[in-house]
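Step one of this worksheet: look at the structure below.
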Amino acid sequence: QLEPTWRINSVAASCISPSSWLQTSAWRKMSVKWCAVVVRRVAVPLLQSSRAIHARGKSTAAPAALRTDLTGTPPVITSVLPAQHLTTKVIFDTHTTADFKYIWLRDNCQCPKCVDPSTKQKLVDSPSLDLNIKPLSLTMNDAGKLEIIWSEEDEAHKSEYDPVW
């Protein structure tokens, strides 16, 4: 595990202060922009592959990390509550939380009005959605799914989200 760190440090060091192997005229002309490209293409993928899924603590925006625990059982939603700045906080039985933006939830509705059941093609025009959309209600239904009622222009729209999804 020391090798990726060494590679990152050597790339960054070569961009900041040239070492003896960078003394040729071609390497001397390397610009700051080129250094940024090298670091972005080499260092960032190495960091991302070694980053833990829950690097942000208990809150995450990646539901893939919540799909199953070590026993293989899917998560169960225990509560849902509005959070700050147009988000909702979903709390699972494993005491893990996930924050979801309202616009993301509305855009990813899987109901038959939003996604064609046979082709799975999305029927909602994402740019036409209001960025400041707020739900009328956030609840858990009897099946354990997150249920959201949205206020649309002409009528209310109901979305359901399975905890595994």
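Within the same chain, aspartates and glutamates fewer than 8 places from Lys145 are excluded, and of the rest, those with a Cα less than 15 Å from its Cα are Asp93, Glu160, Asp162. Between the beta carbons of Asp154 and Ser79, assuming R0 = 35 Å, the FRET efficiency works out to 0.65 to the nearest 0.05. Listed by chain and number, the aspartates and glutamates placed with their C-alpha closer than 14 angstrom to that of Lys89 are Asp99, Glu147; residues fewer than eight positions away on the same chain are left out.
No lab work stands behind these numbers, since they all come straight from the coordinates. Computed from a predicted model, the values in this text were never measured in an experiment. For neighbour counting, all protein chains shown are included, and Cβ atoms are generated from backbone atoms with ideal geometry for every residue, glycine included.
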